[in-house]
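One structure is given here, and the rest of the page talks about it.
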Amino acid sequence: TITSTAFRRNPCLWQAKAVRQAVKGDKDMVCITPTGSGKTLFFWMPLLFRKDGIQIVVTPLNLLGTQNVKELASYGIRACDVRAETATPKLFQVRVTVVDSCQS
């Protein structure tokens, strides 16, 4: 599957169903699962199906945010961890590029 190729992990049935609904995006959803059940993979999987989107994940611990950034980087996916210590003006820079024409 795309997920096993990208993250070297196979999703279980609840993850596949929940991600399908999340990517579809026509309804709000809440997904409650116990500790250690695979929520991290569930958070990451939509990144594979929405190439141009932004995904926001709120974690209860700063350590989880830091771990997600490091592990996603190992898979070639850019992420940032926003918390009091990292919320600097540099993190929130916006670059605007206007291309009038493209020539080859």
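The values are calculated or read from the model by the stated rules, or taken from the named source; none is laboratory data. Values in this document were obtained by computation on a predicted structure and should not be read as measured data. Cβ sites come from the backbone with ideal geometry, for glycine too, and all protein chains shown count toward neighbours.
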Quiz item: Taking segment 1-30 as the region of interest, how many residues are assigned to a loop (DSSP other than H, G, I, E, B), in contact with a helix residue (DSSP H, G or I) (Cβ under 8 Å, 6 or more places away or on another chain) and in contact (Cβ under 8 Å) with a residue 12 or more places away in the chain?
Solution: 2
Exercise. Report, by residue number, each residue of segment 31-51 that is over 9 Å from the mean Cα position of the chain (by Cα), surrounded by 12 or more Cβ atoms within 10 Å (Cβ to Cβ), in a loop (DSSP other than H, G, I, E, B) and of a type in the set (A, V, I, L, M, F, W, C).
Key: C31
Quiz item: In the list Q55, Q103, Q93, which residue meets the criterion of being touching a Pro at 6+ places or on another chain (Cβ under 8 Å), in a loop (DSSP other than H, G, I, E, B) and modelled with pLDDT under 80?
Solution: Q55
Self-check item: Evaluation of G65 against (1) in contact with an Asp or Glu (Cβ under 8 Å, 6 or more places away or on another chain); (2) over 19 Å from C31 (Cα atoms) (one fails), failing number
Solution: (2)
Self-check item: Tally of residues being more than 22 Å from I54 (Cα to Cα) and under 15 Å from the mean Cα position of the chain (by Cα) across segment 8-30
Solution: 0
Practice problem: Considering each residue of segment 58-83, count those that are in a helix (DSSP H, G or I) and modelled with pLDDT under 85, and give that number. | Solution: 1
